[in-house]
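Visitor: Could you have a look at this structure, given as C-alpha cells, before my questions?
The values are calculated or read from the model by the stated rules, or taken from the named source; none is laboratory data. Because the structure is predicted, anything quoted here is derived from the model rather than measured. Note that we place each Cβ from the backbone using ideal geometry, even for glycine, and neighbour counts take in every protein chain shown.
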Amino acid sequence: MIRIAPAARKKQIPPPIIKNRYVLVEEIGRGKTAKVHRAWDRKNDSEVAVKLPIVPECLLAKEIFENEGNALGQVRHPNIVQIIEHGESEFGRFIVMELVKGRCLNDIMARRMLSLKKRLMVLADLCNALAAMHEAGIVHRDVKPKNIIVCEDERAKLLDFGYANVRSGFSCKHLTRERFGSPFYSAPELTINSGDPRLDVYSLGIMMYEMLLKNAPLRVMIAIRLLEIQHSFKHLKRQVFTGRISQLAGEIIEAAVHKDPLKRYNSAAAMGETLQMLLRNIE
Ligand SMILES: Nc1ncnc2c1ncn2[C@@H]1O[C@H](COP(=O)(O)OP(=O)(O)O)[C@@H](O)[C@H]1O
Ligand SMILES: [Mg+2]
C-alpha cells in the first residue's frame, strides 16, 4: 500500500462554523457593514443565510445587528425576510435568516428585466411588507433596491433592517440618525423626524419613479433628479405619465414623494391600495 506523507496531503481548511451549527459555504452579498453567506444549518439540514459584520469589533455594527435582530423578530410576513436566530458568536454578532433565492432589485432594474406589470407587483409587495412593519411600530428607514430581492417566483422580499426604528426597548449610542439612510432614497425630513412611517413611503415613491420612468437606477446626478422630482413634477407628469403608464401612476408617485410628509400618503397601506387600482388597469 502506498502511504502519502502528511506534507504531501492537500491542506484542507475547514469552513467556519457559527455556534457549532451553521457551516459557512460562500459569501453571497455585502453591504456597508455586513457580509452575508450561504450556509448549511446542521441541525435542520437546510440552507440558510448568515449575516456577519465586516469588522466584528465595530461598535456601530454591533448596534446595527442588534437593532436588525430585534426588528426582524417582531414581524412575520411573506414579503419580509424571515429571521431564524441572532446573537453573539465567535465571529462577532450574527443573524441567521431564511436564504432568499433570487436577484437583487438593483440588478434587475439595471438589466431592465421586469415587465411593467411585474414592476408594479414588486412595488405592491413592498407596500404590503411595509404596511405590516408599520403596523408593528417599525419604520425601515433604508428602503432601496439594494435591500430588496426579487425571488424566483418574481415576488419581492424586503431585507436589511439594521437602521429600522423599533418603537420599544433598544436604545442606540452609536447609531445616530445622521448615519443612516441612503441620500437618494431618504425623505428630506429624515434627520429631524426619524420615526414616521411616511419616511418609507417617500423611499418607495422614489423607487417607483425609477422603476416606471426609466426602468433603471438613476443614481447619477442625484441632485438634479431630486430637483426634477420635487420641483418639476407637474411638468414631468404631463410629459411622461400619459398613455401607457397613465395619469394614475404619476399621481401615486407625486403623493408618495411630496416634500411635506403631511401631504404624502399617510401609510404604505394607502399607497398599496392605489397601486392595486393601477394594477387592475394594466394587462
Ligand atoms: N437572507 C438573505 N438571502 C439572500 N441574500 C441576502 C440575504 N440577506 C442579504 N442578502 C444579500 O446580501 C446583501 C447585503 O446584505 P444587507 O443585509 O443589505 O447588508 P448591509 O446591512 O451591510 O447593507 C444584500 O444586498 C443581498 O444581496
Ligand atoms: Mg443593505
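Visitor: Can you name every residue in the stretch 135-164 that is over 16 Å from Glu210 (Cβ atoms) and either surrounded by fewer than 20 Cβ atoms within 10 Å (Cβ to Cβ) or among the basic types (Lys, Arg) (or both)?
Guide: Scanning the stretch 135-164 gives Glu135, Ala136, Gly137, Arg141, Cys151, Glu152, Asp153, Glu154, Arg155, Lys157.
Visitor: Also, quick follow-up: Among residues belonging to the stretch 63-82 that are outside any loop (DSSP other than H, G, I, E, B), more than 9 Å from ligand 1 (Cβ to nearest atom) and among the aliphatic types (A, V, I, L, M), point out the one that is nearest to Pro145 (Cα to Cα).
Guide: Ile80
Visitor: Another question about this same structure. Quick check on Lys157: is it in a helix (DSSP H, G or I) and away from ligand 2 (no atom under 12 Å from the Cβ)? Walk me through it before giving the result.
Guide: Numbers: in a helix (DSSP H, G or I): no; away from ligand 2 (no atom under 12 Å from the Cβ): yes.
Against the criterion (in a helix (DSSP H, G or I) and away from ligand 2 (no atom under 12 Å from the Cβ)), Lys157 does not qualify.
Visitor: Take the stretch 42-83 and flag every residue that is among the β-branched types (Val, Ile, Thr) and within 15 Å of Leu99 (Cα to Cα). If you could, list the steps in order and put the result at the bottom.
Guide: Start the filter on the stretch 42-83 by keeping residues that are among the β-branched types (Val, Ile, Thr), which leaves 48, 50, 54-55, 64, 75, 80-81, 83.
Selection gives Val48, Val50, Ile80, Val81, Ile83.
Visitor: Condition first: out of contact with any Gly (no Cβ under 9 Å at 6 or more places or on another chain) and of a type in the set (Asp, Glu). Now tell me which residues in the stretch 126-167 satisfy that.
Guide: Listed by number, the list holds a single entry, Glu135.
Visitor: Still on this structure: Between Phe170, Phe180, Phe184, Phe161, which is within 16 Å of ligand 1 (Cβ to nearest atom), modelled with pLDDT under 90 and closer than 24 Å to Val96 by Cα? Give the steps one after another, and end with the answer.
Guide: Details: Phe170 fails: within 16 Å of ligand 1 (Cβ to nearest atom); Phe184 fails: closer than 24 Å to Val96 by Cα; Phe161 fails: modelled with pLDDT under 90.
Residue meeting the stated conditions: Phe180.
Visitor: Is at least one residue of the stretch 41-63 surrounded by 23 or more Cβ atoms within 10 Å (Cβ to Cβ) and in contact (Cβ under 8 Å) with a residue 60 or more places away in the chain?
Guide: No: the stretch 41-63 contains no residue that is surrounded by 23 or more Cβ atoms within 10 Å (Cβ to Cβ) and in contact (Cβ under 8 Å) with a residue 60 or more places away in the chain.
Visitor: Looking only at the stretch 197-211, count every residue that is out of contact with any helix residue (DSSP H, G or I) (no Cβ under 6 Å at 6 or more places or on another chain) and outside any helix (DSSP H, G or I) and tell me the total.
Guide: Summing the residues that are out of contact with any helix residue (DSSP H, G or I) (no Cβ under 6 Å at 6 or more places or on another chain) and outside any helix (DSSP H, G or I) in the stretch 197-211 gives 0.
Visitor: Pull up the stretch 100-115, narrow it to residues that are of a type in the set (Gly, Ala, Ser) and not in a helix (DSSP H, G or I), then point me to the one that is farthest from the chain's Cα centre (by Cα).
Guide: Our first condition is that a residue be of a type in the set (Gly, Ala, Ser); within the stretch 100-115, this holds for 102, 110, 115.
Applying the additional criterion that residues be not in a helix (DSSP H, G or I) yields 102, 115.
Values: Gly102: 14, Ser115: 21 Å.
By that ranking, first place goes to Ser115.
Visitor: Test Asn79 against the stated conditions and say whether it is surrounded by fewer than 23 Cβ atoms within 10 Å (Cβ to Cβ) and either closer than 26 Å to Tyr22 by Cβ or within 16 Å of ligand 2 (Cβ to nearest atom) (or both). Talk me through it step by step, then tell me what you get.
Guide: Values: surrounded by fewer than 23 Cβ atoms within 10 Å (Cβ to Cβ): yes; either closer than 26 Å to Tyr22 by Cβ or within 16 Å of ligand 2 (Cβ to nearest atom) (or both): yes.
For Asn79, the condition - surrounded by fewer than 23 Cβ atoms within 10 Å (Cβ to Cβ) and either closer than 26 Å to Tyr22 by Cβ or within 16 Å of ligand 2 (Cβ to nearest atom) (or both) - is met.
Quick grid of which residues meet (1) within 16 Å of ligand 2 (Cβ to nearest atom); (2) modelled with pLDDT under 95:
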| residue | (1), (2) |
| --- | --- |
| Ala7 | no, yes |
| Leu24 | no, no |
| Ala61 | yes, yes |
| Val96 | no, no |
| Lys101 | no, no |
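Visitor: Being more than 13 Å from ligand 1 (Cβ to nearest atom) and either assigned to a loop (DSSP other than H, G, I, E, B) or among the hydroxyl-bearing types (Ser, Thr, Tyr) (or both) is the filter here; which residues of the stretch 15-45 pass it?
Guide: Selection gives Pro15, Pro16, Lys19, Asn20, Arg21, Arg42, Lys43, Asn44, Asp45.
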